[in-house]
Each structure stands twice: as C-alpha cells, then as structure tokens.
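Scroll down for the structure; my scribbles are underneath it.
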Amino acid sequence: MVAESDAGQSVLTCALPQLGPSRCSAQQGDEDGVHHSQVLKCVEPIRLDEVVVGQYEGYTDDPTVPPGSKTPTFASVILRINNERWDGVPFIMKAGKALNERKAEIRLQFRDVPGDIFRFTEGLAFCMDAAVEWVLPPVLDLIDLKSPGLEMSTTQSELDLSYRQRYQNVKIPEAYERLILDVIKGEPSNFVRRDELRVAWEIFTPLLQLVDGGKFHVIPYSPGSRGPKEADDMAEKAGYQRFTGYVWHPPSLSAI
C-alpha cells in the first residue's frame, strides 16, 4: 500500500505525537519519546468506515505496474486518541500521489466557542482555522483577523517565516546535516524511539493487511485533483469544515 504504509506510518510517528502529547517536565529527548509513545498507545483501533483509499487514473499505464493492480496511491484515515485531553477530537491523516498540490501540512481547526458574537453576523465568513506548513513551503501560520476599516468583516492572513527570504546571509543546514550533528552529540529528540515505532506499526498493520487482502474498494480519482471525493465527505462528516478562496503568495524582500 504505497500511500498508507510509507506516509501514514511516518506521519503517525512524527507529526501526531508532536501535536498530542502531554506536557514534558524537562527538555530532554528521552522524555519526549516517553510522552510520544504514551500518545500512540492511546490511539483507538482504526474504524473501517473512517478509511478511504484510492488510485489515480492512469497508474496502471506505467509498464512497471502489473495490469489490474489495486495498489492504492491515496489514503485518508481518521485517528482517535482515547484520553482525557483528546477525547472526541478526530485526527484526519491524508497522503497521496498525483494530487493537485505537493506539500506537507498540519492543519488545526478550532471549534466554535459558546456565545460567538460573529456567528450570526451577516456577511461575516469567520473561519477558526490555522495551518502550519513545513518541508516544501516554509513555516506558515494561517489565521483569521478583522479587515482594516470601519466595517466588521474578517479576512485570512498569514504569519510567515520564510527562511530563505528572511535569513539570506545565514547558512541554513540541510535536514541530514542537523541529524548527523545530533548523532555526534548524542541528542535523541529528533529520532523515533524503538517503542514508538513498534506501537505505530501495531496501529497500522491490521489496516494494511485488510487492504492487501482486497477488503477495501480502491476508488479511482483524476490526476491533479484533491483525491477521491469520498475522502472530503468523510472529513466533513467528522466535523472538519473546508474553506477555499485563500491563496498564499511567497514573500519577497524586494517588496519591503
């Protein structure tokens, strides 16, 4: 299972524990690993009705792919952490190939607060939404704020930290340079512990076995799309609201 086994397990052991751990009592890599492992152990078994797998049209045209292959190139899965802090909060994971965008993203969407004074205001499209993007785009926080002027309307903007533009005269180490330095220093915080890795595979292995056994319908989707529509429907059913219309433009220091 291309999309799920590689990206799914990797994101599970890296991104999810970073979002969901309890507070550490010290800034030590080993203690971070303990808390990450505790989070993963609280992940409930994946519900089969909260899984969507797909394959982009034309995948089997590749001469290296067996005819009639049902290997998924897209997967969306909802994970649920069974503890006091995250009870009832869905963690929606999505990975795929030949999609409309190439990015790695963590998106946090906050629920409406009781007594929201903007909820019933005509003309206001208020989205309690924040996105943090990394790897291909720079670090980016997407927030809602009041538009300048006298009218009570909101707009989306970003808190942007584009390293290449902001720190042009500073040598920024590559990812593996930093990791090799951590190895030399004996710093374990950027590495996955053995128990984290084992628990992560215990979460995904039953699902992978079902997919490999043909128990899931692999939904075709068009290259350049967001993936199967069923994935968006599943996320919406879980409570996620998708907002469109905002486009991020990379900054330029020449405009400052």
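The values are calculated or read from the model by the stated rules, or taken from the named source; none is laboratory data. Bear in mind the structure is a predicted one, so any value in this text is a computation, not a measurement. Positions of Cβ are backbone-derived with ideal geometry, glycine not excepted, and every protein chain shown enters the neighbour counts. Heads up: the accessible areas ignore ligands, DNA and RNA and are worked out on the full protein's heavy atoms, side chains in. Shrake-Rupley method; radii C 1.70, N 1.55, O 1.52, S 1.80 Å.
Computed quantities for the displayed model
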{"read-out": "Residue in the range 191-209 that is hydrophobic (A, V, I, L, M, F, W, C) and more than 27 Å from R47 (Cβ to Cβ) present", "value": "yes"}
{"read-out": "Residues within the range 146-164 that are open to solvent by 60 Å² or more (accessible area, probe 1.4 Å), more than 22 Å from the chain's Cα centre (by Cα) and not basic (K, R), tallied", "value": "4"}
{"read-out": "Within the range 69-81, tally of residues that are free of Cβ contacts under 8 Å to residues at least 60 places away in the same chain and either assigned to a strand (DSSP E or B) or exposed (fewer than 11 other Cβ atoms within 10 Å of the Cβ) (or both)", "value": "1"}
{"read-out": "Hits in the range 61-85 (condition: of a type in the set (A, V, I, L, M) and farther than 26 Å from V43 by Cα)", "value": "V65"}
{"read-out": "Long-range neighbours under 9 Å by Cβ, at least six apart or interchain, first residue free of Cβ contacts under 8 Å to residues at least 40 places away in the same chain and open to solvent by less than 100 Å² (accessible area, probe 1.4 Å) within the range 168-196, second assigned to a loop (DSSP other than H, G, I, E, B) and of a type in the set (S, T, N, Q)", "value": "L179/N190; D182/S189; D182/N190"}
{"read-out": "Options L179, L210: the member that is of a type in the set (A, V, I, L, M, F, W, C), assigned to a helix (DSSP H, G or I), at pLDDT 85 or above and more than 25 Å from Q38 (Cβ to Cβ)", "value": "L210"}
{"read-out": "Condition check for M234: hydrophobic (A, V, I, L, M, F, W, C) and open to solvent by 100 Å² or more (accessible area, probe 1.4 Å)", "value": "no"}
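Okay, residues lined up against (1) part of a loop (DSSP other than H, G, I, E, B); (2) in contact with a Gly (Cβ under 6 Å, 6 or more places away or on another chain); (3) modelled with pLDDT of 80 or more:
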site	(1), (2), (3)
V65	yes, no, yes
F91	no, no, yes
E105	no, no, no
D116	yes, no, no
T121	yes, no, no
I143	no, no, no
Q156	no, no, no
D160	no, no, no
